[in-house]
Amino acid sequence: MNATLIDGKELSARITEQLKTKVSELQAHGIAPSLSVVLVGDDAASQVYVKNKDKKFKDLGLASEIVRLPKDITEAELLQKIQALNEDPKVKGILVQLPLPSQIEADKVIQAIDPRKDVDGFHEQNAGALMNGQPRVVPCTPLGIMYMLQDQGVNLRGAEAVVVGASNIVGKPIALLLQKAGATVTICNSKTRNLKAHTQRADVLVVAVGKPEMIKGDMIKAGAVVIDVGINRMADGKLKGDVEFESARQVAKAITPVPGGVGPMTIAMLVVNTINASILQSPEADTSLLLKF
Ligand code: GUN
């Protein structure tokens, strides 16, 4: 089998067209979505991600700022900055780029963000709502993955879904969304014995670990849909996913490439979350305007 490519770049371009229409509609209602991205330190990968997010917003004519803070900032200083953004009525969305330097407790910072402005969906109020089956703000990468599966016409009811990686950013929320859609979900972690026995059962395999090419073709069920969340920069500067693409595409029915798969979808969903946060913070909070993804 030669797998279909799930083209996240093309799908996100289609979504962007819908977003442009929504942005004009909101303008007519006096709603101006805006994002503040907080970047602490000079992590190379984070710099690239943050720049891509900022560019997407600017391309759509949306207000976006990058708040650059020094890597030796104290936790108290960072919390003060978050408070100022919470209190600024012009700021509708706040995203603190992770990872944070070791002197800062990331969870404390995330919980300090006003949950209505938490466009990452990481605040415990948003994470808890997803856990309870009543999602509010859903983390961007999992939301983008669900949209890709829907666009591919994947039937999740009764499907075996295996998620490799149990992070708060991707693994746990995608598992909850897949479960809500009717899949039987297994979450594997770094302690899982015989990982291959699990991945080989998967009709839908989501890999979000951060280890280049750890999932090989022989670990994948014939006809599976494979979603590769990994973005690993190799010594030669090239990007590789967590899945060995060449061997996997021989076995899978459909697979996301790296780059050009999940990455562009994450950014599109960040715009969706920011637009919806802006609608809910506007005086009318007209829920009929919300984007539904
Ligand atoms: N670092 C890697 N992925 C993400 C993400 O989705 N949100 C934030 N805030 N930081 C990240």
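Just so it is clear, none of the values below were taken in a lab; they were calculated from the coordinates. These figures come from a predicted structure and were not determined experimentally. For neighbour counting, all protein chains shown are included, and Cβ atoms are generated from backbone atoms with ideal geometry for every residue, glycine included.
At-a-glance table
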{"item": "Cβ-derived FRET efficiency at R0 41 Å, A44 paired with Q250, nearest 0.05", "result": "0.80"}
{"item": "³J(HN,Hα) computed for each position of region 63-71 - Karplus, 6.51 cos²θ - 1.76 cosθ + 1.60, integer Hz, glycine/proline x", "result": "6, 8, 9, 9, 9, 8, 10, x, 5"}
{"item": "Trypsin sites (Lys or Arg not before Pro) restricted to DSSP loop in region 197-276 with at most 15 other C-beta within 10 Å", "result": "R201, K216, K238"}
{"item": "The chain - Kirkwood radius from inverse mean 1/r over Cα pairs (Å)", "result": "19.6"}
{"item": "Cα-based Rg and Dmax for region 173-291, where Dmax is the largest Cα-Cα distance (Å)", "result": "17.3, 55"}
{"item": "Ratio of Rg to Rh over region 1-87 (Cα coordinates, Kirkwood Rh, two decimals)", "result": "1.10"}
{"item": "Theoretical ellipticity at 222 nm over the chain - DSSP helices of four or more residues, -39500 (n - 2.57) apiece, nearest 500", "result": "-12500 deg cm²/dmol"}
{"item": "Distance (nanometres) between label positions extended 7 Å along Cα→Cβ at D236 and K20", "result": "3.7"}
{"item": "Hydrodynamic radius (Kirkwood) for region 227-286, which is based on Cα pairs only, to one decimal in Å", "result": "13.8"}
{"item": "Where trypsin sites (Lys or Arg not before Pro) fall in DSSP loop in region 71-122, at most 11 other Cβ within 10 Å", "result": "K90"}
{"item": "Pairs from K22/K53; K56/K292; K117/K191 whose Cα-Cα separation, in the structure shown, is over 23 Å", "result": "K117/K191"}
{"item": "Label point distance in nm, A13-E77, each placed 7 Å from Cα along Cα→Cβ", "result": "4.3"}
{"item": "Phi to ³J(HN,Hα) by Karplus 6.51 cos²θ - 1.76 cosθ + 1.60 over region 235-243, Hz, x for Gly, Pro", "result": "4, 7, x, 6, 9, 10, x, 7, 10"}
{"item": "Relative contact order, percent, the chain [alpha-carbon distance under 8 Å, six or more residues apart]", "result": "22"}
{"item": "Residues whose placed amide H lies under 5 Å from that of D242, excluding near-sequence neighbours", "result": "E213, V229, G230"}
{"item": "Reachable aspartates and glutamates, given that their alpha-carbon falls under 12 Å from the alpha-carbon of K221 and they are not under 8 places away in the same chain", "result": "E160, D203"}
